[in-house]
Amino acid sequence: KVFTGTIQSGKSKGQVRKLSRLAGNSACVITIREHNMAEEDRCVTGIFMVQDDFDGSLCEDGYIAAHPEYRLQLTEKESRKILFWNYYFNERFPKRMTWNAGRHRYLDNIWVAQILKDLISLRKNSDNEETAQSFFQHYCKANHINENEILEPNGALKRI
């Protein structure tokens, strides 16, 4: 599970941050960037579906529990190859790679599917390929995504 954090200012300061757009068909992508790393080197370290009955607008404790089956932890080697900014971009500044404030970003469902698809490629012919494939198929079905129509990633890092 992951913690959404608390509101840092204003009249709601100290209250748990609610991620109202998170529901049972959502996935959480966990990223990391070491202090000495450039922002464009931010990488994906894990990904999980939220539990089927999760409703972000009703979450009072700020914890998003992982689905018992659909969750993946990337190895360090895999993580270095799945760079967050290959998938994500800000529509107002499509070439800018800045995180700024906040602990989370909402990702388009297609971007998550692209991450999962790339992870399957990395895990080709390994013991973990089937787990990634199962997650990918479940995610696509839950979000009405045709697996064969997923375009190549076009995040901020791919645009420079």
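Tabulated data
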{"quantity": "Gaussian network model of the chain, springs between alpha carbon atoms under 10 Å - residue of 61, 118, 127 with greatest fluctuation", "calculated": "127"}
{"quantity": "The chain: most fluctuating residue of 12, 26, 121 per GNM, C-alpha cutoff 10 Å", "calculated": "12"}
{"quantity": "Solvent-accessible area per residue, Å², over the chain with all protein chains present [probe radius 1.4 Å]", "calculated": "62 Å²"}
{"quantity": "Segment residue 34-residue 129, length gained on full extension (0.36 nm per residue, minus Cα span)", "calculated": "31.4 nm"}
{"quantity": "Helix-only mean residue ellipticity at 222 nm for the chain, each DSSP H run of n ≥ 4 adding -39500 (n - 2.57), per residue, nearest 500", "calculated": "-6500 deg cm²/dmol"}
{"quantity": "Quarter of the Cα convex hull surface for the chain, i.e. its orientation-mean projected area (nm²)", "calculated": "10.4 nm²"}
{"quantity": "Neighbour net charge for residue 41 - beta-carbon separation under 14 angstrom, K R +1, D E -1", "calculated": "0"}
{"quantity": "Sorted peptide list for 32-39, 110-117, criterion being average Cβ within 10 angstrom, highest first", "calculated": "110-117, 32-39"}
{"quantity": "Dipole magnitude of region 1-71, debye to nearest 20 (Cβ charges: Lys/Arg +1, Asp/Glu -1, about Cα centre)", "calculated": "340 debye"}
{"quantity": "Listed peptides 130-137, 43-50, 78-85 by packing density, highest first (mean Cβ within 10 Å)", "calculated": "43-50, 78-85, 130-137"}
{"quantity": "Residue among 90, 25, 109 with the largest mean-square fluctuation in a Gaussian network model of the chain, springs linking Cα atoms under 10 Å", "calculated": "90"}
{"quantity": "Greater than 28 Å apart at Cα, pairs in 77/117; 11/158; 13/117", "calculated": "11/158; 13/117"}
{"quantity": "Carbon + sulfur, % of accessible area of region 1-101 - ligands and nucleic acids excluded, 1.4 Å", "calculated": "46 percent"}
{"quantity": "Given charges at beta-carbon only (K, R positive; D, E negative), |dipole| of region 10-50 in Debye", "calculated": "480 debye"}
{"quantity": "Simple Cβ-charge dipole of the chain, Lys/Arg +1 and Asp/Glu -1, about Cα centre, in debye nearest 20", "calculated": "760 debye"}
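The values are calculated or read from the model by the stated rules, or taken from the named source; none is laboratory data. Quick caveat: nothing in here was measured; it's all calculated off a predicted structure. Cβ coordinates were reconstructed from backbone atoms using ideal geometry, including for glycine residues, and neighbour counts include every protein chain displayed. These area figures cover heavy atoms from the full protein model, side chains too; ligands, DNA and RNA do not enter into them. Shrake-Rupley method; radii C 1.70, N 1.55, O 1.52, S 1.80 Å.
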